[in-house]
Amino acid sequence: MRSSTLFPALATLLSLGAAKPTATTPEPPSKRATLPTVTVSGNAFWQGNERFYVRGIDYQPGGSSNMADPLADTTVCKRDIAEFKKLGVNTIRVYITDNSANHDECMKELADAGIYVVIDANNPLYSINRLQPGPSYNTKYLQSVFATIDEFIKYDNTLAFFSGNEVINDNTKSTLSARYVKAVTRDMRQYIKSRGYRAVPVGYSAADVAQNRMQLAHYMNCGTEDERSDFFAFNDYSWCNSNFQQSGWDQKVKDFTGYGIAIFLSEYGCTTNGRDFGEIAALMSDKMSSVYSGGLMYEYALEANGFGIAKLGSSVKELDDFSKFQKALKENPMPKGDGGFTSTTKAVACPTKDAHWLVEGSLLPAIPTDALKFMSDGAGKGPGLKGDGSQNAGEGTSTGDAQPGSGKVTNAPNSPQSSSSDNAAPGSNLGPVDKAPFIISGLVVMLSLTGTLLL
């Protein structure tokens, strides 16, 4: 009797074992294009095994006062990407972005054009106050910075993040804010590692200030590994239609030789004597390639300051400097080979306090306690460009100095985020499981039991 009730069960098991797993519904095609990611190694940037040089332009239609994100407006970005393709640039820098907006379409258009993007993680609402840095370095501010990382790190053509722009300037008191800018750089790098993201480089964009440029450069590359920048960039308007020697660029190459990390120009393009963009010939030559990795010309859109090369409206009017810049890029391609780069990175000594540099010691402010949760939980939705701002938040500030190595990440996720994943840190998203192996195993057990019962 027992054996007769067993056969229907065996038949059911056999039919289950023969069934195929439920088919996975195909996902719609990704809107994100594929472009090889750029990494930093030694004192250079790399696109795969090929040396990468920044040959780009600064891009912020309307200027900083406009508070608009050109990468969230597809009409604007598509209009201007067509012009970027004419110029032949491979990189743009965007100063203001909306971390609550979607950027899939514009970033894909840029990737399709072979163009990378350097993103400023700050904006006028959420930034460090150069003269009151302590209160402005707070949890609300870091949440916005981290949300910007979340939004843009998913794109393969995000080349780098700036942790600040010209926070330290020719006001000597502003050098005291360097501790906080460096802390933000540390925090951004820690956040990227803690969330298991692709290692997008993080660095700072310095003002064209001769009296503190080298002190600041050394400061951003001294201390423990977690405190150091991935690269250093600075704005340079000393080449005023002159040459390599008259501009002083020859001396700057000497100053930065052996510096230890990658450098590039975040802005250049003096207009004092007109422009022929001779800087590009120098940047792409062996005079500079062993130390510099190119630069970004300031700027694309014509504003009141007169630096732009295109007048924008319902259409684009290319100005005289547009064709000059286009010609300079075409006549001076990227150098062949590795450009004489240095294969290893190294820290330098921290600068000492003097009349032009008021920072004493090397300790950095500790990350605000309330901001530590972002490392494991993520930043959540960004406040965008219509938030309340963070400089006067009045709470969630640092409570003291951190010990060296405080930003080291030891428990990061094993797998870096792919370009097609969502903003959250990667997890284990298992698809449909094939049940057949388990069913067959159960069948074997029951057949063995049947044999025992029939004996």
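For this structure, a couple of remarks:
- When residues of the stretch 211-223 are limited to those that are assigned to a loop (DSSP other than H, G, I, E, B) and touching a strand residue (DSSP E or B) at 6+ places or on another chain (Cβ under 7 Å), the one farthest from GLY260 (Cα to Cα): ASN212
- Among (1) in contact (Cβ under 8 Å) with a residue 60 or more places away in the chain; (2) more than 23 Å from ASN169 (Cα to Cα) - the single one GLN245 does not satisfy: (1)
- Residues being small (Gly, Ala, Ser), without any contact (Cβ under 8 Å) to a residue 40 or more places away in the chain and farther than 23 Å from PHE84 by Cβ are represented in the stretch 225-241 by at least one member.
- Elements of type strands (runs of 3 or more DSSP E) contained in the stretch 92-210, each with 2 or more residues being among the small types (Gly, Ala, Ser): 158-165, 202-206
- Cross-chain or 6+ apart pairs with Cβ under 9 Å, the stretch 301-321 first and farther than 19 Å from GLY56 by Cα, then among the polar types (S, T, N, Q): ASN305/THR271
- The sole residue among ASN241, ASN212 that is farther than 26 Å from SER343 by Cα and surrounded by fewer than 17 Cβ atoms within 10 Å (Cβ to Cβ) is ASN241.
- Among (1) over 26 Å from the mean Cα position of the chain (by Cα); (2) closer than 30 Å to ARG51 by Cβ, the one test that GLY294 misses: (1)
- Qualifying positions in the stretch 163-182 - surrounded by fewer than 23 Cβ atoms within 10 Å (Cβ to Cβ) and of a type in the set (A, V, I, L, M, F, W, C): LEU176
- SER247 being touching a helix residue (DSSP H, G or I) at 6+ places or on another chain (Cβ under 7 Å), in a loop (DSSP other than H, G, I, E, B) and surrounded by 15 or more Cβ atoms within 10 Å (Cβ to Cβ): no
- The number of residues in the stretch 43-97 being over 14 Å from TYR300 (Cβ atoms), out of contact with any helix residue (DSSP H, G or I) (no Cβ under 9 Å at 6 or more places or on another chain), surrounded by fewer than 16 Cβ atoms within 10 Å (Cβ to Cβ) and not polar (S, T, N, Q) comes to 3.
The rows are residues; the columns are (1) of a type in the set (S, T, N, Q); (2) touching a residue at least 60 places away in the same chain (Cβ under 8 Å); (3) in contact with a strand residue (DSSP E or B) (Cβ under 9 Å, 6 or more places away or on another chain).
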{"site": "GLY42", "(1), (2), (3)": "no, yes, yes"}
{"site": "GLN47", "(1), (2), (3)": "yes, no, yes"}
{"site": "ARG55", "(1), (2), (3)": "no, yes, yes"}
{"site": "TYR59", "(1), (2), (3)": "no, yes, yes"}
{"site": "GLY62", "(1), (2), (3)": "no, yes, yes"}
{"site": "LEU71", "(1), (2), (3)": "no, no, yes"}
{"site": "THR74", "(1), (2), (3)": "yes, no, no"}
{"site": "LYS78", "(1), (2), (3)": "no, no, no"}
{"site": "LEU87", "(1), (2), (3)": "no, yes, yes"}
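- Here LYS330 does not fit the description of being among the basic types (Lys, Arg), touching a Phe, Trp or Tyr at 6+ places or on another chain (Cβ under 8 Å), modelled with pLDDT of 95 or more and within 24 Å of GLU50 (Cα to Cα).
- Condition met for THR410 (among the hydroxyl-bearing types (Ser, Thr, Tyr), loosely packed, with under 12 Cβ neighbours inside 10 Å and under 24 Å from CYS222 (Cβ atoms)): yes
- Yes/no for LYS435 being at negative phi, of a type outside the set (A, V, I, L, M), surrounded by fewer than 18 Cβ atoms within 10 Å (Cβ to Cβ) and modelled with pLDDT of 80 or more: no
- Scan of the stretch 230-257 for residues that are out of contact with any Lys or Arg (no Cβ under 8 Å at 6 or more places or on another chain) and closer than 30 Å to TYR191 by Cβ, ordered by number: PHE231, PHE232, ALA233, ASN235, PHE256
The values are calculated or read from the model by the stated rules, or taken from the named source; none is laboratory data. Everything numeric here is computed off the predicted structure, so don't read it as measured data. With ideal geometry, Cβ positions are generated from the backbone for all residues, glycine too; neighbour counts draw on all protein chains shown.
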